[in-house]
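Written out below as C-alpha cells is the structure these notes cover.
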Amino acid sequence: QQQVKQSPQSLIVQKGGISIINCAYENTAFDYFPWYQQFPGKGPALLIAIRPDVSEKKEGRFTISFNKSAKQFSLHIMDSQPGDSATYFCAASMDGSQGNLIFGKGTKLSVKP
Amino acid sequence: GAVVSQHPSRVICKSGTSVKIECRSLDFQATTMFWYRQFPKKSLMLMATSNEGSKATYEQGVEKDKFLINHASLTLSTLTVTSAHPEDSSFYICSARDSRGPRYGYTFGSGTRLTVV
C-alpha cells in the first residue's frame with residue numbers, strides 16, 4: 001500500500017532552535033519527495049524537495065536528509081522562527097506515473113518566541 | 001515561479017445549489033491537475049485527477065456526479081459541486097503539475113473555503 005508516515009503530529013520549538021520532522025515511506029518506486037508548508041486558510045506551498053540520488057539538500061534554513069536504505073526522509077529547520085509556525089506536510093510521488101502526490105498526515109509546528 | 005490561481009477563495013451557498021471553483025495555471029501548462037479536499041487539522045485528501053481533454057479519474061468514494069470536473073484547456077480546470085449539502089462544506093484545493101513532467105513540481109492553489117448553509 002502506498003503510504004507516507006509522518007511524525008510527530010505536533011511540535012513545539014523555542015525560537016532559534018532546530019525543528020525536525022520525519023517521514024517514512026514504503027514504496028521504493030517513489031522518487032520525488034517534497035515538503036510543503038501550509039498556513040491556515042491557505043494552500044500548501046512547496047518548501048524544498050529531494051530526489052533519491054542525493055542524501056541531503058539544503059536551501060537556506062531548510063534541509064532535507066534522505067536515507068534511501070531506511071526509506072526515510074526528514075526536514076530540519078534551523079534557527080526556527082515564530083514565522084515558521086505552520087503545518088508541514090511531507091509527500092512522495094513517482095515519476096512517469098499519473099504522478100499524484102501521496103501526503104503524510106502533517107505536523108503542526110509552533111515556534112515560541 | 002509557477003503560480004496557480006484558484007477562485008473563489010471563499011463561497012457561501014444555499015443547500016441544493018451548485019458551486020463552481022476554478023483553477024488556473026498562470027505561467028505554465030498543466031496537462032494534469034489534481035483536486036483535494038481538506039478537513040480541519042487534517043491532511044489533503046485527493047478527490048480526483050483531471051487530465052486535459054479527457055475524463056477525470058476519481059478516487060474511491062468520491063461521487064463523480066456530485067463533483068463534476070472539467071479540464072478543457074492546458075491552463076484551466078474547474079470543479080463544480082452540484083446540489084451542495086452542508087456536509088460538502090470544506091476546504092477545496094487544486095494542484096497543477098507542469099506538463100514538462102513531475103520533475104518540474106506541483107503547484108497548489110490558495111484553496112476555496114466552501115460553506116453550504
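Every number in this text was worked out from the coordinates using simple rules, so none of it is lab data. Model, not experiment: these values are computed from the prediction. In this analysis, Cβ positions are derived from the backbone assuming ideal geometry, glycine residues included, and neighbour counts consider all displayed protein chains.
Values as computed for the structure displayed
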item: Partner aspartates and glutamates for A:K112 [C-alpha distance under 17 Å; skip if fewer than 8 residues away on the same chain]; result: A:D79, A:D84
item: Within 10 Å of each Cβ in A:59-66, the average number of Cβ atoms from other chains; result: 0
item: Peptide-level mean, for B:40-48, of C-beta atoms on other protein chains within 10 Å; result: 4
item: Per-selection Rg to Rh, the stretch B:1-107 - Cα, Kirkwood hydrodynamic radius; result: 0.96
item: Spherically averaged projected area in nm², based on the convex hull that wraps the Cα atoms of the protein assembly as shown; result: 12.4 nm²
item: Cα Rg, Dmax, chain A, angstrom units; result: 13.5, 44
item: Number of partner chain Cβ atoms within 10 Å, mean per residue of B:86-97; result: 2
item: Exceeding the 27 Å Cα-Cα cut-off - candidates A:K42/A:K105; A:K71/B:K55; A:K5/A:K42; A:K5/B:K41; A:K68/B:K55; result: A:K71/B:K55; A:K68/B:K55
item: Unmatched cysteines, chain B - criterion: no other Cβ of a Cys under 4.7 angstrom; result: B:C13
item: Among A:S55, A:P34, A:I20 the positive-end extreme of the charge dipole of the stretch A:18-113 (Cβ point charges); result: A:I20
